[in-house]
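A short worksheet on the structure shown next.
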Amino acid sequence: MLSDLEKLARESIVPHLNEHGYYYIDNFLGTVIGDCIFEEVRNLHFVGEFHDGQLAGRRTSYSKRHLRGDQIVWIRGIKDNCNAMEFLLSSLDKLIMLCGEKLGHYSIKNRSQAMVACYPGHGTGYVRHVDNPTGDGRCVTCIYYLNKNWDAKVDGGILRIAPEGKSYVVDVEPIFDRLLLFWSDRRNPHEVQPTYSVRYAITVWYFDAEERAEARTRYRNRAASEEATTFSSRQ
């Protein structure tokens, strides 16, 4: 599998991301592993682990279902007793590692936890947005889909990318065992169109080391400034 990932990274992901800003792969892990991941996700849903997705605000996050209709849970793989998802995360890590320093100008050292998302149907979606509009360190978005027999004409749920400065859009159907990668910044505004069936996906973000460090410094400085302001106002 490692040789397959190396070929995929070298011949497909690196050139397509650098030229077009996105790329997707079908039959990424195969039916058996995909089924195992699906069962873990469905079990999390069944036991009530999901909660409404949040929109980032200046100080706190808040839920607006008409803007973002998914329900999510954050998973750390094997640490959360999700062995199949751990295999997915390990495969993604190897894939990104094999891309090396060839993905744009980025130095990728780590990633987020996995965000498992469910759109429950009923026309829920996610309005057009950018994953990283503020320089928080996220550089590559990876989304793995888990929806068998998906018919976008009936079920909806297309992820539509509107590449910055281009006159076209890219529509990606969330079909089973498909992996989508794209730049996380303002080059790729995207939306989840209204979904009419239960739709599952797992998203992971990879961080550029320098931008992530700068973002953490900004956060610490802002938190310290706000704490000092609050303390001063109480005197």
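The table that follows gives values for the structure above.
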read-out	value
Residue under evaluation F87, criteria (1) buried (at least 18 other Cβ atoms within 10 Å of the Cβ); (2) closer than 30 Å to F46 by Cβ; (3) among the aromatic types (F, W, Y), criterion not met	(1)
Segment 156-172: number of residues that are closer than 21 Å to Q71 by Cα and open to solvent by 20 Å² or more (accessible area, probe 1.4 Å)	2
Given (1) farther than 23 Å from H45 by Cβ; (2) small (G, A, S); (3) outside any loop (DSSP other than H, G, I, E, B), number of the condition S167 does not satisfy	(3)
Breaking point among (1) open to solvent by 30 Å² or more (accessible area, probe 1.4 Å); (2) among the charged types (D, E, K, R); (3) touching a residue at least 24 places away in the same chain (Cβ under 8 Å); (4) in a loop (DSSP other than H, G, I, E, B), for D177	(1)
Selection from segment 132-149 of residues that are open to solvent by less than 30 Å² (accessible area, probe 1.4 Å) and more than 17 Å from Q71 (Cα to Cα)	N132, G135, G137, C139, V140, T141, C142
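The values are calculated or read from the model by the stated rules, or taken from the named source; none is laboratory data. Keep in mind it's a predicted model, so treat the numbers as computed, not measured. FYI the Cβ positions are ideal-geometry reconstructions off the backbone, even for glycines, and counts take in every protein chain you see. What goes into the accessible areas is simple: the full protein's heavy atoms, side chains included, and nothing from ligands, DNA or RNA. Shrake-Rupley method; radii C 1.70, N 1.55, O 1.52, S 1.80 Å.
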